[in-house]
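This report refers to the structure that appears directly beneath it.
Read-outs throughout are calculated quantities, based only on the coordinates presented, and are distinct from any laboratory measurement. Note that the structure is a prediction, hence the values are computed from the model and not measured. A quick note on method: Cβ atoms are made from the backbone with ideal geometry, for glycine too, and the neighbour counts reach across all protein chains shown.
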Amino acid sequence: MSIKVDMRGITKRFPGIVANDGISLTLREGEILALLGENGAGKSTLMNILFGLYQPDEGEIHVNGKPVTIPNPGAAIALGLGMVHQHFKLVQPFTVTENIILGMEPKQGLRVNYRAAEKQVAELSDRYGLKVDPRARVEDISVGMQQRVEILKTLYRGADILIFDEPTAVLTPQEISELLDIMRKLVAEGKSIILITHKLKEIMSIADRVTVIRRGKVIDTVQVKETNPDELAAKMVGREVSFRLDKAERKPGKPVLSVREVTARGANGLPVLSGVTLEVRGGEIVGLAGVDGNGQSELIEALTGLRGIDSGSVLLNGGEMAGRSPRHIAESGLAHIPEDRHKRGLVLDFPMSENMVLKSYYTAAYNRGGFLNYAAIDRQAQRLITEFDVRTPGTHTPARALSGGNQQKAIIAREVDQDPDLLIAAQPTRGLDVGAIEFIHKRLLEQRNKGKAVLLVSLELDEILKLSDRIAVIYEGRIVGEVDPERTTDRELGLMMSGSTAGHGPRPANLISGGEAHE
């Protein structure tokens, strides 16, 4: 089996940090090599070097047995490399075909030959079972389909070495299964794949070998069939990781959040929430399960004041929150871990110190006569960074310089420090490594055990089942039922999430409002 990629002694330094420290790895023809490591371990940096986005300070790269210099992505593409980024590089108003051929448009005279391009895109889609409509606008298709467009972009450019950077971070369980099938087809066609992921289950399912990186250095490379998730997790974080949670018995208190018959419409005037009724009590975690796009995001926006509602009631500790500002709602006892940490969780170009007080900078603790008290802000930031193990060179480091996991820890530190009565955690572990996931799960349980109410919104069924005391299922903007996580299965939840159960429709009020299910 020939070597497709051979990276030798790659070192990359940034101010205050060595991201890659003498890393060597090989990718063989027709294999899937998983690249495993904590957030900030240097995985994406290494692959960005291979794709020409960064230049190494030391080391050399061989592709197909020849030493190469890769000064930019264009040079990488010419060498047969393609990269599917975690954050998609698509022009939303363009069609699928327009995105795929961008920069490599087939011409007929002076015009772009769109008919030929659409035909070629359709043929590639059929060949690899991608099922993408060449004429669809990217803004109108699902996240999973957008990822398939990114894959098609690499195939259209002739890539036979594909890099997938956290490809399942934003996908539903069904989309993940379909993506893994697509990767198997690609390898069967002779492609070679490097897969960056934190998900041990996926590595065990799809990869041939796995290279583990910790703090910029290679710890080990092993055959997947000769290892197990516990061993990989320990190699990744440098200690044993517990996949079990010690959940004390649920002791629900009084209702903290009461949502009654909430309706709302989207920008297009169509309903996005249709009579949502839900209750979360102190001392419990209520999981909200559903296929992405069924109203979860709109419900969170309605609860946090980011979206107006047409009718219904949202009570927080008995006070009506409908129509109130996000600041008023936050000051009334609600904290929010947003699903998109870049869009709504952080100001990426602000230093960490200022990000830590985004919701409290105007209070007397950090404000003197209209001027920010930077000394107090720095002290607060340092306290939270230490307490929540946020790995950053310093309090003045811009948020965008941190890894995704450390950005998420910073958001959770800020929100939990508000001592909220209700914590809404939306996709709290999306794209994070097992160590960070373990940390965040414990923090959510701490809130519950302190008597706080937690609403957990997640596309990860394992997470929902593991953490929740009750699970409500949302489908097409309506709560269609509730189950006890101790007495349900992935299959039952999946059927409810797809609207396929016979009991589709609102469930009895005692279930929705915290009464014991199945009794």
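Less than 12 Å Cβ to Cβ from Leu180, Lys/Arg counted +1 and Asp/Glu -1: what total charge do the surrounding residues give? Local net charge: 0. Across the chain, C-alpha contacts under 8 Å between residues 6 or more apart give a mean separation that, scaled by the residue count, equals a relative contact order of 15 percent. Counting Lys and Arg as +1 and Asp and Glu as -1 over every other residue whose Cβ lies under 12 Å from the Cβ of Lys66, the net charge comes to -1.
In this model, which of Lys12/Lys107; Lys43/Lys452; Lys4/Lys442; Lys89/Lys199; Lys191/Lys235; Lys43/Lys119 are farther than 30 Å apart at the alpha-carbon? Distance filter (> 30 Å) returns Lys12/Lys107; Lys43/Lys452; Lys4/Lys442; Lys43/Lys119.
Counting other C-beta atoms within 10 Å, which of Leu155, Leu315, Leu50, Leu423 has the fewest, and how do the rest follow? Working shown, then result.
Numbers: Leu155 21, Leu315 16, Leu50 24, Leu423 28.
With the fewest neighbours first, Leu155, Leu315, Leu50, Leu423 line up as Leu315, Leu155, Leu50, Leu423.
Both radii come from the Cα set of the range 290-437: Rg as radius of gyration, Rh as Kirkwood radius; their ratio Rg/Rh reads 0.98. If you take the Cα centroid of the range 183-243 and the Cα centroid of the range 155-181, the two points sit 16 Å apart.
Helix-only mean residue ellipticity at 222 nm, the chain, DSSP H runs n ≥ 4 weighted -39,500 (n - 2.57), per residue, nearest 500. What is it?
Values: 17 runs with 161 residues, N = 519.
Per the formula, -9000 deg cm²/dmol.
Neighbour counting of Cβ atoms within 10 Å sorts the residues Phe88, Phe51, Phe371, Phe14, fewest neighbours leading, into Phe371, Phe14, Phe88, Phe51.
Close amide H pairs (under 5 Å, H built 1.01 Å from N) link Asn20 with Lys12, residues at least 5 positions away or on another chain. Each 10 Å bin from zero holds the following percent of Cα-Cα pairs in the range 1-151: 10, 32, 31, 22, 6, 0.
Relative to the Cα centre, the charge distribution of the range 335-419, modelled as +1 at Lys and Arg Cβ and -1 at Asp and Glu Cβ, gives a dipole magnitude of about 120 debye. Where the centroid of each part is defined by its Cα atoms, how far is the range 366-415 from the range 113-134 in Å? Taking the Cα centre of each part, the range 366-415 and the range 113-134 sit 47 Å apart. Taking the longest Cα principal axis of the chain as reference, the axis of helix 404-416 is set at about 10 degrees.
Once you list every other residue whose beta carbon is under 9 Å from the beta carbon of Asp417, what net charge do they have if Lys and Arg are +1 and Asp and Glu are -1? Working shown, then result.
Numbers: positive: Arg383, Arg414; negative: Glu387, Glu415, Asp419.
Around Asp417, the charge tally is -1.
Once backbone amide H atoms are built at 1.01 Å from N, Ile213 has Leu36, Gly37, Ile219 as its partners under 5 Å, excluding neighbours fewer than 5 places away on the same chain.
Taking every DSSP beta bridge that has both ends in the chain, the antiparallel portion is near 55%. Could you work out how far the C-alpha centroid of the range 22-97 sits from that of the range 1-18, in angstrom? Here the two parts' Cα centres lie 10 Å apart.
Considering the range 87-159 at the alpha-carbon level, its Rg and Dmax are found to be 11.4, 35 Å.
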